[in-house]
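Coordinate-derived values only; no laboratory data. Note that the structure is predicted; figures quoted are calculated from it, not measured.
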C-alpha cells in the first residue's frame, strides 16, 4: 500500500508563496501536506520559485526538488495544475498562456466552486503599490523580511530549549506595526474591489504572507498565506466548503493525539528481572 492510498481527496487546493530556492522555505512541511492531500485541481498562486534570491545565489536542496517532483506526479495522475505567477517568479509571466507538461501558466483565473461561488485567483502583487511603483523599496523590504526570519530562527531555538511554543517575529510585527496593519487592510480592500469588478463573489490571493479567510463587504477574501512561516493553504471540499488549513497546527494536533511510545526498559533492569525469575524458578524446582 502506498502513501497515496492514505491521502485525503479534495476538489481544489490553493497554495502560494513556497519560495523554493531559499533557505527559509519549509519544504519538508510542504511535502508532508502534499502527501496528505490530493485534488482534482491545484492552483499555485505565485511566488512558488524565488527568482529574486536565485539570481543572487543558488540554493536548491533535494527537498525543494522533491516538492517539484511531487506536484508533477499529481499532474501525471490526472490533477489539473494552474500556475499563477507572482512577483518573485515574474519571469514566468513571459509564458502566460503556455502549457508545460500539463502545467497551465495564467496571469489570473476564475474558479467556480461546487457551491457556485466564483473566485478570482490572483497573486496580488499587482495591487501592492510598493512593488508596482518602487521596486527597489520592495527589494529592501524583502531583505528586511529575510533578516526577520533569520532572527526568528534564533529566537525560536532558545524558546524550544525553554519548552516554549513557536513564535513568529514577522507575524507579530505585521499585527503590531500600525503601517503594516494599514497596508494589509488596503491590500485586502483593493483585491476585494478587483474581484467585484470582475463579477466574482470572492478572491483567492497570496503575496503578503498573511493567511486569512473572511467576508469583506459581501465578498469572500481568502489569502493562502505561505510556506515560509505559517505553512497554510486553502482547501475546497467536494461540497464547495472552503477551509483555511494551518498545517503546523494540524501536525502538532496529530502528534498530541498519538499515544506516546512506551519507554524502553533499561537493559540492566531487564537483566535483573530475568535473574530474579530464574532464581525463583530454581527454588521451586528444588522444593
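Tell me the relative contact order for segment 7-91 as a rounded percent, counting alpha carbon contacts under 8 Å between residues six or more apart.
Working: 139 pairs, mean separation 33.5, N = 85.
It comes to 39 percent, rounded to a whole number.
Kindly state, as a whole number, the per residue volume in cubic angstrom of the convex hull around the alpha carbon atoms of segment 88-131.
On the way: hull volume 4.0 nm³, N = 44.
So the per-residue Cα hull volume is 92 Å³.
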